[in-house]
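One structure is given below, encoded as structure tokens.
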Amino acid sequence: MKAGLLWVSCGKDLEWFRYSAKSYTKFVTGFTQAICAVPEEDKAAFAPVCHQHGIELIAYPDWPGKGFLRHMDIKCRADQLFTPDIEYIYHIDSDCIFTSRCSYVDFLVKDKPVLDCAPFQWLESTHRDWKYLFRWKRVSEEALGFQVDFETMQSLPIVYYRSVYSKTRNLVSNNVGKDFSEYLSLCKNSFPQSFCEFNTLGTVALNFFTEKYFVWDRSKLGKLLPYSGRLIQFWSHGGLDGVDENQNQTARQVLLKLDLI
């Protein structure tokens, strides 16, 4: 199995990406390719960081006034960024930090990538923000044209088998009667967006490529995955000195402990 690692970032998250890239260099081995994709206007700013950490930089033309939708469009085209031999693509965000030595295999369960998910019906009775999560159910159903029963954006890294991407684009295009990117460009760009890339892709993975995954249903297996803690995510909008409710400390404190700052 060959795996790729992908960040899709932009200028406002460059500071976070510096630390994420540094944690990748310090702790991570095993990925055949590591790619960071950014809008063309941010390429020059990201180039030194990517060069320093051995990360391939890809720049894409942005959509004026639709930057977040374009960001999601690029994630849904991740298969087109990597070489054809990459079987699985691991997605992380710029505010994600690796915390210990690991390889992509350390995020497998029973030799398969994990599809971390939870039934929406279960979330309604257990999650305090279930109404917020149900927004993504609705827009994913609108895109795909069939019922979405599981929330598939539970934790990072989020991993997709290569064929998930083209299958997703084709399903959405056939359902809405438009080219996939054209459809996204017509969606709502501001929060809450009227498209959700990870729940749409995750639903396709769960429904059409189940055999490629170890399906981790949180309603049955719990919230703590075997590799929990190897990768942590901060809330980028909170800044380095905002106390993260999941970590109970600031990002700066964590980065100092890991000798990343």
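Quick notes on this one:
- Identity of the residue in region 1-26, of a type outside the set (D, E, K, R), over 14 Å from His91 (Cα atoms) and assigned to a loop (DSSP other than H, G, I, E, B), that ends up least open to solvent (accessible area, probe 1.4 Å): Cys10
- Of all the listed residues (Leu123, Leu171), the sole one being touching a helix residue (DSSP H, G or I) at 6+ places or on another chain (Cβ under 6 Å), open to solvent by 10 Å² or more (accessible area, probe 1.4 Å) and not in a strand (DSSP E or B) is Leu171.
- With respect to the conditions (1) in contact (Cβ under 8 Å) with a residue 60 or more places away in the chain; (2) part of a loop (DSSP other than H, G, I, E, B); (3) open to solvent by 60 Å² or more (accessible area, probe 1.4 Å), Val105 falls short on a single one, namely (2).
- Scan region 126-145 for residues that are outside any helix (DSSP H, G or I), touching a helix residue (DSSP H, G or I) at 6+ places or on another chain (Cβ under 8 Å) and of a type outside the set (Gly, Ala, Ser) and the total you get is 1.
- Which numbered condition Met72 misses (of (1) within 20 Å of the chain's Cα centre (by Cα); (2) in a helix (DSSP H, G or I); (3) surrounded by fewer than 19 Cβ atoms within 10 Å (Cβ to Cβ); (4) of a type outside the set (S, T, N, Q)): (3)
- Among residues that are open to solvent by less than 50 Å² (accessible area, probe 1.4 Å), in contact (Cβ under 8 Å) with a residue 12 or more places away in the chain and assigned to a loop (DSSP other than H, G, I, E, B), Leu260 is included.
The values are calculated or read from the model by the stated rules, or taken from the named source; none is laboratory data. Predicted model, so just to flag it, every value in this text is computed and none were measured. Heads up, the Cβs are rebuilt from the backbone with ideal geometry, glycines too, and the neighbour counts pull from every protein chain shown. For the accessible areas, the whole protein counts, side chains as well, though only heavy atoms, and no ligand, DNA or RNA atoms are used. Shrake-Rupley method; radii C 1.70, N 1.55, O 1.52, S 1.80 Å.
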